[in-house]
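Below is one structure, written out as structure tokens; comments come after it.
The values are calculated or read from the model by the stated rules, or taken from the named source; none is laboratory data. If you're wondering where the values come from, they're calculated on a predicted model, not measured in any experiment. Neighbour counts are summed over all protein chains in view; Cβ atoms, including those assigned to glycine, are modelled from backbone coordinates with ideal geometry. Keep in mind that these areas ignore ligands, DNA and RNA; they rest on the heavy atoms of the full protein, side chains included. Shrake-Rupley method; radii C 1.70, N 1.55, O 1.52, S 1.80 Å.
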Amino acid sequence: MTMPAQSVTILGSTGSIGTSTLDVIARHPQRYTVFALTAATQVELMLEQCRIFAPRFAVMASPEHAQQLAERVKAQGLKVKVLAGAQALCDVSADPQVDAVMAAIVGAAGLAPSLAAARAGKKLLLANKEALVVGGELFMQAVKAGAATLLPIDSEHSAVFQSLPEDPTAWARRVEKIVLTASGGPFRTRDPATLAAVTPQQACAHPNWVMGRKISVDSATMMNKALEVIEARYLFGLAPERIEVVIHPQSVIHSMVQYTDRSVLAQLGTPDMRVPIAYGLAWPERIGSGAAALDFATLGALTFEPVDELRFPGLQLAWDALAGPTGTTAVLNAANEVAVAAFLDLRLRFDQIHAVNHATLAALSPSKPAGLDDLLAIDTEARAVAAAVVARCGG
């Protein structure tokens, strides 16, 4: 019997995860239809996506960009309704006609629509780290209350999910620890004393993955792995001390699960985000992703290294933030977004990103958030503190 096509909303369709998701969907037109696409500023790419995938809705972040898109949509005779703003993002995430939501908006801006999808009980494909790093317990409560299906799309967390027992109630009992792998980024072997001279172009030149600028910088500092530790803590419900990080330069083993009997299960694959995206879209089935297959005959050696704390001081901030009051992880995320933006704008040295994050964490001790408004207030306060630290560093 033929199953009806799943209706999908893609939050952040013009980013690297969004475009990869559309690539997978295009390979399976009988299985998926696109309900809504959303973007921040890339009007021309959004127009092209609307032309190819014919969504019912297209959402732009600002009224100005929405107006530009609406004019182009009308000129081409496309039957796409153009919307703007944060509420529209939530609406197309929670719409009763939507089956699955790909949450791929970078930053805290993706939190509200991800929460809306969770509360509406959607199959939520989570590629937005910040939903869990910022939202934490509140986000997981929304998932439970809405009876949503939460599927991690980060390659590392997807790998962990695929390596865990099918019964989540057995995770804490059977699993000894989770081991997240990290590529080490472009500066894995670089002398830490030279990191002050790193340029944005160098930081964004990842050796294995094609990613956006912000996450590429996070990979270079290993803050992406710090955020992933926090994410894993909430996704899988394990204590922070049961989550480890190891450098694996080849990015073939995406993460591992060590069980109480000391056996280790690992998920391997080519470094292509279409693999975890296809897994999330089709779960619990499997579909073609378009990624190249591993060739074990030519794969070569798989190597592992401990994390050099002198080169990657930011990683420890994950455990520091998890040990702090609820909301501290939101402070870390906000500080890092401000610091990375300043680095990309040439207002901050690469080696000062950690200093901004560390100083912002030290300056704030948030009150326990009771809802989204409280989380956003923590985010706003942390950004202000981080911006002041950036100003001092820049001076």
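Taking the alpha carbon gyration tensor of region 99-250, what are the square roots of 5 times its eigenvalues, largest first, to the nearest whole Å?
Equivalent ellipsoid semi-axes, largest first: 29, 19, 12 Å.
Have a look at the DSSP beta bridges in the chain and tell me what percent are antiparallel, nearest 5.
Taking every DSSP beta bridge with both residues in the chain, the antiparallel ones total about 25 percent.
Quick one: which residues, 5+ away or cross-chain, put their amide H under 5 Å from the amide H of T33? H built at 1.01 Å from N.
Amide H neighbours of T33, under 5 Å, 5+ apart: Q6, S7, V8.
For region 45-79 and region 316-354, compute the distance between their C-alpha centroids and round to whole Å.
Computed from Cα coordinates, the inter-centre distance equals 35 Å.
What are the semi-axes of the equivalent ellipsoid of region 64-176, taken as the square roots of 5 times the eigenvalues of the Cα gyration tensor, listed largest first and rounded to whole Å?
After scaling each eigenvalue by five and taking roots: 33, 14, 13 Å.
Counting only protein heavy atoms, what percent of the accessible surface of the chain is carbon or sulfur at a 1.4 Å probe?
Answer for the chain is 54 percent, counting heavy atoms of protein chains only.
Hey, how many Å between the Cα centroid of region 226-258 and the Cα centroid of region 100-158?
18 Å
If you take the square roots of the eigenvalues of the alpha-carbon gyration tensor of region 1-77 and sort them as a ≥ b ≥ c, do you get rounded (a/c under 1.5), prolate (a/b over b/c) or oblate?
Prolate is the answer for region 1-77, as a/c is 1.5 or above and a/b outweighs b/c.
Would you mind checking which residues have amide H under 5 Å from A84's amide H? H placed 1.01 Å from N; only 5 or more apart, or other chain.
Residues meeting the amide H criterion: M60.
List the residues, sorted by chain then number, that are 5 or more residues from L150 or on another chain and whose placed amide H is less than 5 Å from its amide H.
Amide H neighbours of L150, under 5 Å, 5+ apart: L124.
What GluC sites (Glu not before Pro) in region 237-298 are in a loop by DSSP, with at most 13 other Cβ atoms within 10 Å of the Cβ?
In loop regions of region 237-298 (DSSP not H, G, I, E or B), the sparsely surrounded GluC sites (Glu not before Pro) are E285.
How big is region 168-216 by the Kirkwood estimate over distinct Cα pairs, in Å?
In region 168-216 this quantity evaluates to 13.6 Å.
Would you please give the FRET efficiency between R349 and E71, computed as 1/(1 + (r/R0)^6) with r the Cβ-Cβ distance and R0 = 41 Å, to the nearest 0.05?
0.45
Compute from the Cα atoms of region 249-395 the Rg and the Dmax, the latter being the longest Cα-Cα distance, and quote both in angstrom.
Over region 249-395's Cα set, Rg and Dmax evaluate to 20.0, 55 Å.
I'd like the FRET efficiency for A323 and T303, computed as 1/(1 + (r/R0)^6) with the beta carbon distance as r and R0 of 45 Å, rounded to 0.05.
0.90
So if each residue of separation counts as 0.36 nm, and I subtract the Cα-Cα distance between T194 and L45, what length gain in nm does that give?
Full extension of this stretch gives 49.9 nm more.
Let me know the Rg and Dmax you get for region 56-101 when you use only its Cα atoms, in Å.
11.2, 30
Can you tell me how much longer the chain between S263 and T169 gets when fully stretched, taken as 0.36 nm per residue apart minus their C-alpha distance, in nm with one decimal?
31.9 nm
Run a plain Debye calculation on region 176-278 (Cα atoms as equal point scatterers, no solvent) and give log10 I(q)/I(0) at q = 0.17, 0.19, 0.20, 0.22 Å⁻¹, rounded to two decimals, same order as the q list.
-0.85, -1.02, -1.10, -1.24
Any idea of the accessible area per residue across region 1-147, 1.4 Å probe, to the nearest Å²?
Averaged over the residues of region 1-147, the accessible area is 43 Å².
Per the Debye formula with a single identical scatterer at each Cα and no solvent contribution, what log10 I(q)/I(0) holds for the chain at q = 0.08 Å⁻¹?
-0.40
From a point 7 Å beyond the Cα of Q202 in the direction of its Cβ, which residues of region 279-323 have a backbone N at a distance under 16 Å?
Label zone hits: 311-312.
So, R0 is 30 Å and r is the distance between the beta-carbons of A293 and V246; what FRET efficiency does that work out to, to 0.05?
0.75
Shape verdict for region 332-395, please, from the Cα gyration tensor: rounded (a/c under 1.5), prolate (a/b greater than b/c) or oblate.
Prolate, since a/c reaches 1.5 and a/b exceeds b/c.
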